[in-house]
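The values are calculated or read from the model by the stated rules, or taken from the named source; none is laboratory data. All of these numbers come straight from a predicted model, not from anything done at the bench. Quick reminder, even Gly has a Cβ in these numbers, built from the backbone with ideal geometry, and neighbours come from all protein chains shown. For accessibility, only protein heavy atoms count, side chains too; no ligands or nucleic acids. Shrake-Rupley method; radii C 1.70, N 1.55, O 1.52, S 1.80 Å.
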Amino acid sequence: MERKKYPFVSVIIATYNSKNHLLNCIKSIENQSYQGKIEVVIVDDGSTDGTVDAVKKGKWKVKVKILKQSRKGPAAARNHGARSARGEIFAFTDADCIAPRGWISNILNAYKKFPKIVGVGGLLQPSKNNIFSRIEIAKNKKLHKMGSRVIVGREEVPVGFTNNMS
């Protein structure tokens, strides 16, 4: 694939009963600094809390596509979203995540810097400061070796987290 300056990016979000978080997640995708075309593919995994209706009522600046499936789990939802996505790059996040303003740009910069790579993942920063988030940060940095260091390779690459990867 030729790496264009602004490739079309599909952001795929699996969701289940997370309407309030999801609306904030979509807003964070809308507010990206990325100049290229973005579509958001929401895959509702059988929510019963009005998630789909809340998304439909939103007036979004980006194209939002809503897909539904019966409870099959987040992996199946991500796969369903990927089959429907039209972008050149697929970026995955979760409904309860807020993407930093430069998230998509940083993903694309990694592809430009390392043209032979096929995937990009990144560090996760929990939103709350409690014992669980501190454990998560330590685990990501120490166990999974995620941080400011760039790792390019095969087996030595840490696990990819599905809420921050492409």
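Tell me, which residue of segment 47-75 that is part of a loop (DSSP other than H, G, I, E, B) and of a type in the set (S, T, N, Q) is surrounded by the most Cβ atoms within 10 Å (Cβ to Cβ)?
Among residues in segment 47-75 that are part of a loop (DSSP other than H, G, I, E, B) and of a type in the set (S, T, N, Q), the one surrounded by the most Cβ atoms within 10 Å (Cβ to Cβ) is Ser47.
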query: If you check Arg78, Arg86, Arg101, which single one turns out to be modelled with pLDDT of 95 or more and open to solvent by 60 Å² or more (accessible area, probe 1.4 Å)?
result: Arg86
statement: In segment 13-40, anything touching a strand residue (DSSP E or B) at 6+ places or on another chain (Cβ under 8 Å), closer than 14 Å to Gly102 by Cβ and part of a loop (DSSP other than H, G, I, E, B) is listed as Gln32, Tyr34, Gly36
message: Go through (1) over 21 Å from Asn79 (Cα atoms); (2) open to solvent by 80 Å² or more (accessible area, probe 1.4 Å) for Tyr34 and report which single condition fails.
response: (2)
message: It is to be established whether one or more residues within segment 134-155 are modelled with pLDDT of 70 or more, open to solvent by 40 Å² or more (accessible area, probe 1.4 Å) and part of a loop (DSSP other than H, G, I, E, B).
response: no
